[in-house]
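Enquirer: Handing you a structure now.
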There are 4 protein chains.
Amino acid sequence: MIEAPSDKPTAQNETARVEAFSDGVFAIAITLLILEIRVPPTAQHDGLRTALLHLWPSFLAFVASFLTIGVMWLNHHRLFTLINRSDDGLIAFNLLLLMGITWIPFPTALLAEHLRGPDQRTAGLVYAGSFFLLAIVFNVMWRYAVHAKTVVDHINVTGITRQYALGPLMYAVLVVIATFSGVWCLVVSVLYAVYFALPPSLWRKGRRAPGHRAGAT
Amino acid sequence: MIEAPSDKPTAQNETARVEAFSDGVFAIAITLLILEIRVPPTAQHDGLRTALLHLWPSFLAFVASFLTIGVMWLNHHRLFTLINRSDDGLIAFNLLLLMGITWIPFPTALLAEHLRGPDQRTAGLVYAGSFFLLAIVFNVMWRYAVHAKTVVDHINVTGITRQYALGPLMYAVLVVIATFSGVWCLVVSVLYAVYFALPPSLWRKGRRAPGHRAGAT
Amino acid sequence: MIEAPSDKPTAQNETARVEAFSDGVFAIAITLLILEIRVPPTAQHDGLRTALLHLWPSFLAFVASFLTIGVMWLNHHRLFTLINRSDDGLIAFNLLLLMGITWIPFPTALLAEHLRGPDQRTAGLVYAGSFFLLAIVFNVMWRYAVHAKTVVDHINVTGITRQYALGPLMYAVLVVIATFSGVWCLVVSVLYAVYFALPPSLWRKGRRAPGHRAGAT
Amino acid sequence: MIEAPSDKPTAQNETARVEAFSDGVFAIAITLLILEIRVPPTAQHDGLRTALLHLWPSFLAFVASFLTIGVMWLNHHRLFTLINRSDDGLIAFNLLLLMGITWIPFPTALLAEHLRGPDQRTAGLVYAGSFFLLAIVFNVMWRYAVHAKTVVDHINVTGITRQYALGPLMYAVLVVIATFSGVWCLVVSVLYAVYFALPPSLWRKGRRAPGHRAGAT
């Protein structure tokens, strides 16, 4: 009917639907984590308190994976505020990224189950390795977006690229930690997520990024 | 391309995506509750009717948690109508809040499983304590938003702060109730949610809040 | 910052978020249905074909509940196109409706499990009764919206009220059918949903409704 | 209140809510796939590494179904960028399509469970047949949309119809492959999805389609 306006909203909707679909996958993956924690049955010798205390690996793994997926959602969300149109390559990389996010409940349950057993290092390697690969996909996707010129103008591309490059490095360290101890692998995951989500260093970064945009505008 | 307009929608989209992601997590957590209710198997002595009647703790816990999460979604939704931009601190608090919401299916199944056993008070404490902590996070998040000046103008901040402060108080009472009886803990949870969602007192509050905005505008 | 415009989008966003949250709950409840169908294990005497054929109650229950929830989503969606602002009462009724939708996977699994056993009528009554209550909540919600004057102007309120009233009547018949046979209860549920979703009678209705609006405008 | 504008947003919202609901169902179905992979328990003779290696059918089935649903979401998303209003018939076909998407976790778990057993061909037929039927529904839905004139102007309808027709053909081949081997059925599913999502042939197609629109405008 109305050609020109119909074309513009279509382009905007395309990015919007990729984000909406991604938000859905992130939200579901992060919420499914709780399903992996089994409720202790009634007939227990030592009482429920002891049974709940014995579930600490599940609770720790839940918190570590929730926060890590949460921070990855945050990064995804920020990445897409910098992207103003989607193309097929970006959608393909995004699908790969979402497959990684969807996968996380499995290594989470695996590490929780084996955290006190002889296989904690194997489980920890699967866990840390999954996040390491996700961090790689994130970086490749960002570089693709920059290369395909789908990013908005007036942003500090080099600065953001350097920030994203920190992820694979940190999760490579996590893989090394996992070869020693599954418990430390989870503890460091929590610390990483808290570092990314909470401290002023991040807030400064966060403020600097829009500041650059505002300044450029 | 177009600097000024591209900046404004970006800011709006950021809040919109935080809300969309939160809506997703709330919607999934509230719907997963039903998965915790196991269907009675076919080979039963007393017939299905008796088996279903014996499931009343699961049904009661489902209703109590559904309504409580529902009312918390409502509060979250109202909170974000008062917030006109998101910052990193708000997103971090929101993530913490969502972790609490995601967590609820576990204490719900725990209390349903142990409601008639000797451990009902332990389970009730975990249940009531979870909602108490959620109410605290809600309040801290609201105060942070007021402090960080991300709230809209012309609203009765002091009045809303007083309303939110009611939550931790009521759920502290629920913790005390849980030390006596798991069943009463669930019954009072239902009453709380109905009180928050249904009676004219809430509707009056609801009307007053936009009234203030309208009046100020 | 900008008072007047900020007030208008807020009101629109409120309805939008209620719809988004509802869409999420509908989408999750409708998708969780498949989790209730257990995959036949490998060590089977008669082979997988026979095992799959024996799962027909689960498949039938899946189709019946999927289509019924789908049609209810459609009605919910149409209802909200007729509502131009949300208030607390509407949100409370909507929460009650969503609790009913979230509940559906349980009676679905219950009826599938007991469809060939002596308890099929008990299970059928729970199943049909759930849809009957949902249809009642739908009607009460619509009448509330009309009464609270949150509906758009220029619509044939009486006509729509009459259409909605058909629901409780049809599902009351389903309750009667369930007292005879669980299988027929499912078959009739499928027929109801197909009747509501497919035949020209509905399409005519659907066209008439926007036609009224267009004509009035 | 304001007749003309209220009518236009209503029509836009209708398509938006169909897309949002569909996105939700796609996102949940694609994320539920991981729940079908059971974590190996702790007390294992050969250690966790061997147990994980034995899970390869589950991992392969997860990747195949994730990518296939992902590509179907992509097609759905593109289809709806070509549709500028929804009608009851389209919504009914869309509901049928979503029922197919929701169904996919079952054949995925079925094929993973039976991939190394004597029933792999039966399971493979259910798996490939499900995707074949989905591809048919996609085509019928597209033709209906063209027939009902709900598509946007200035697009190469014949070209798109030919592209969509490729789906049923390819999945018919998959059905034939499944009669020989369940493993090859999964491997070819992955190859199909990668072909649809990754290679330049798709990107060329993707660019051509908006190019036509842009050219027409």
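Enquirer: Near the amide H of B:Ile83, under 5 Å away, which other amide H atoms are found, from residues 5 or more places off or on another chain, if H is placed in the peptide plane?
Expert: Here the answer is B:Val152, since their amide H atoms fall under 5 Å of that of B:Ile83.
Enquirer: Probe 1.4 Å, all protein chains in place: accessible area of D:Glu113 in Å², nearest 10?
Expert: It works out to around 80 Å².
Enquirer: Moving to a separate point now. How about region A:78-120: which trypsin sites (Lys or Arg not before Pro) there are in a DSSP loop, with at most 15 other Cβ atoms within 10 Å of their Cβ?
Expert: Listed in order of number, the matching sites are A:Arg116.
Enquirer: At a Förster radius of 41 Å, what calculated FRET efficiency corresponds to the Cβ-Cβ distance of D:Tyr144 and C:Arg85, to the nearest 0.05?
Expert: 0.75
Enquirer: Now for a different question. Along the charge dipole of region C:37-119, which of C:Ile91, C:Gly47, C:Ile69 sits closest to the positive end, that is, farthest toward it, with unit charges on the beta carbon of Lys, Arg, Asp and Glu (+1, +1, -1, -1)?
Expert: The Cα lying farthest towards the positive end belongs to C:Gly47.
Enquirer: Given a Förster distance of 45 Å, report the FRET efficiency between C:Thr50 and D:Leu166 from their Cβ-Cβ distance, rounded to the nearest 0.05.
Expert: Given R0 = 45 Å and the Cβ-Cβ separation, E is 0.80.
Enquirer: Here's a follow-up. What is the sum of charges around A:Ala29, taking Lys and Arg as +1, Asp and Glu as -1, for the other residues whose C-beta is under 14 Å from the C-beta of A:Ala29?
Expert: That sum, taken over residues with Cβ under 14 Å, equals -2.
Enquirer: Where the accessible area of region A:43-152 is counted over protein heavy atoms with a 1.4 Å probe, how much of it, in %, is carbon and sulfur?
Expert: 63
Enquirer: Cβ under 14 Å from B:Gly124's Cβ, B:Gly124 left aside: what net charge do those residues give with Lys, Arg +1 and Asp, Glu -1?
Expert: Once all neighbours under 14 Å are counted, the net charge is +1.
Enquirer: Can you compute the charge dipole magnitude of region C:53-199 about its Cα centre, using +1 on each Lys and Arg Cβ and -1 on each Asp and Glu Cβ, nothing else charged? Give it in debye, rounded to the nearest 20.
Expert: That gives a dipole near 220 debye.
Enquirer: Report the Cα centroid-to-centroid distance between region B:14-29 and region C:108-134 in angstrom, as an integer.
Expert: If we compute the Cα centre of each part, the gap is 34 Å.
Enquirer: Using a 10 Å cut-off on Cβ to Cβ distances, tally the other chain neighbours for every residue of B:99-107 and report the average as a whole number.
Expert: Across B:99-107, the average partner-chain Cβ count within 10 Å equals 5.
Enquirer: Would you mind calculating the relative contact order of region D:28-105 from Cα pairs under 8 angstrom and at least 6 residues apart, reporting the percent as a whole number?
Expert: Relative contact order here is 51 percent.
Enquirer: Tell me the distances, shortest first, between C:Thr161 and the same position across the other copies, using label points 7 Å along Cα→Cβ, in nm to one decimal.
Expert: 4.7, 4.7, 6.6
Enquirer: Return the distance in nm (one decimal) between the two label points of a simple spin-label model at B:Val194 and C:Thr42, each offset 7 Å from Cα along Cα→Cβ.
Expert: Calculated label separation equals 5.3 nm.
The values are calculated or read from the model by the stated rules, or taken from the named source; none is laboratory data. Please read all numbers here as calculations on a predicted model, not as lab measurements. Cβ: placed from backbone, ideal geometry, glycine included. Neighbour counts: every protein chain shown. Note: accessible area is taken over every heavy atom of the protein model, side chains too, but ligands, DNA and RNA are not part of it. Shrake-Rupley method; radii C 1.70, N 1.55, O 1.52, S 1.80 Å.
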